[in-house]
Amino acid sequence: MGGTAADKASGRPAAVGGTAADKAPGRPAAVGGAAAGAAAGGPLGEWGTAPGRLTGVTIAAAGPARDHCCVDLQVVEQVAELGAWISEGGVVILSGAGLSTDSGIPDYRGPSGSARRSTPMTYQAFTRDPVARRRYWARSHLGWRTIGEAFPNDGHRAVAALQGCGVIDGIITQNVDGLHQAAGASGVVELHGNLTRIVCLDCGDLTAREALAARLDEANPAFDAAAVAINADGDAELDDTDLDRFTVVDCLSCGGMLKPDVVYFGETVPPERVSRSFALVGNARTLLVLGSSLTVMSGRRFVLRAVKEGIRVAIVNRGVTRGEPYAGLHIDAPLGIVLPHLAGETAGEMSAPIRI
Ligand SMILES: [Zn+2]
C-alpha cells in the first residue's frame, strides 16, 4: 500500500478544496496511528498475530453480555472462511452506520442506537417549509459538532488496509461521515453524500461545512442549546424552544437556499452513484456488507443484485439484518475486532514468500 494510505490518513478528507489538514486540524494525530503504521508494515502484522486476538474468549470479552453464550467458536470459523474469500480478491464493500459507531456516531437503527425521536428530514419539508428548515439547521449545526470531530476507528483503518493489499475493488458507503476516506481509503462511492459539503440549491455552489458552521455560529451568538441525542445523519435532537430562535444563513454567492450535500428521505440517490455502485457489485467476486442492517432499499438492492448475479454475499454486523437470507456468511461480531484481524491475515498472506 506504500505511503499513500498514510498520507491520506493524515486528516479528514477535504470535501471542497483545500487540504485535509486545513479542514480538520484536530484530526491528524489520532487518525495517523494504525493506518500509517500499516503502511510501514507495522501494526498490520500485530493485528493478525497478537496472541489470542480472535479467540472466542476475546470476542466474548469485547461484546455485550449476550456474547458470553455461544457465538465464539462459530464466529472464529466464520471469520476464517471470510478471510479465505477475501484473499481471492474482487471484494466490494457496502458499509453502513454500524461501521462508525466505534467512532462515537450512533446507529439509530442498530442494536447500540437509541430510537429516533423525530422523523428524519425530508427533501420536501426542507425546501417548502421555512420553519422545518430553520429547525433542521439548528439540529444539524449541533449534530455537526459530534460528527465533524469524529475520527476513523479500527474498522475503517482495516478496510483501508485491505484496499492497500489490492483485494478490494470498490467501497460503497451509506454513511455521510467521510470516515472511510479519513482512514486512507480512496474511490469511495458515497451513496448518500457527505455532511462535510454544503450545496446551494439555487446556483449549485459547493462550500465546506466548517465555513458554514462558522457563519452559523456568528449568526447565532446566543445559541447555546445542548443536544438531547445525535443521529447518524448528523441530525441532533433538540427541544422545540431552542429550535425556533435559530437564524439560518443563505448562499454567499446568490442568496439561495443552502443544504448539506446529503440525500434526504424522499430524495433519490443521484443516478450516477447508483450505476457506479451496480457496476462495482456486478463485477465483484464477493459483496461484503459491513455494519448495515440493510433496512432501507437504497442499500439492500445491491445485495439483491449480487444474489441475482450469483455473487456471494458476506455480512459482518451486530444484530440481525434484512440481508441474512441472502448471505452465505453472516457474522454477528464486533467490526472493530473482526476487520483488523482480517486485514492482518490478508497482509500476512500477501507478504508471505513464494515457495518453490
Ligand atoms: Zn447560490
- Message: Which condition from (1) farther than 20 Å from GLY83 by Cβ; (2) surrounded by 21 or more Cβ atoms within 10 Å (Cβ to Cβ) is the one that GLU345 breaks?
- Response: (1)
- Any chance VAL176 is of a type outside the set (Ser, Thr, Tyr) and at pLDDT 90 or above: yes
- For ILE198, the lone unmet condition from (1) more than 22 Å from the chain's Cα centre (by Cα); (2) within 16 Å of the ligand (Cβ to nearest atom); (3) closer than 13 Å to SER140 by Cα; (4) not basic (Lys, Arg) is (1)
- Looking at GLY155, GLY113, GLY104, which one is under 24 Å from LEU339 (Cα atoms), modelled with pLDDT of 85 or more and open to solvent by 10 Å² or more (accessible area, probe 1.4 Å)? GLY104
- Could you list all residues from segment 250-302 that are within 16 Å of the ligand (Cβ to nearest atom) and open to solvent by 20 Å² or more (accessible area, probe 1.4 Å)? ASP250, LEU252, SER253, CYS254, GLY255, MET257, ASP261
- Requiring at least 1 residues that are touching a Phe, Trp or Tyr at 6+ places or on another chain (Cβ under 7 Å), the strands (runs of 3 or more DSSP E) wholly within segment 268-356 are 286-290, 312-316
- Item | Out of LEU294, LEU258, LEU287, sole residue that is hydrophobic (A, V, I, L, M, F, W, C) and in contact with a Cys (Cβ under 8 Å, 6 or more places away or on another chain) | LEU258
- Just give me the residues in segment 313-348 being touching a Leu at 6+ places or on another chain (Cβ under 8 Å) and free of Cβ contacts under 8 Å to residues at least 60 places away in the same chain, in sequence order. VAL313, ILE315, THR321, ARG322, GLY323, TYR326
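The values are calculated or read from the model by the stated rules, or taken from the named source; none is laboratory data. In this text the structure is predicted, and so the values were computed from the model without any measurement. Quick reminder, even Gly has a Cβ in these numbers, built from the backbone with ideal geometry, and neighbours come from all protein chains shown. All accessible areas refer to the heavy atoms of the entire protein, side chains included, with ligands and DNA or RNA removed. Shrake-Rupley method; radii C 1.70, N 1.55, O 1.52, S 1.80 Å.
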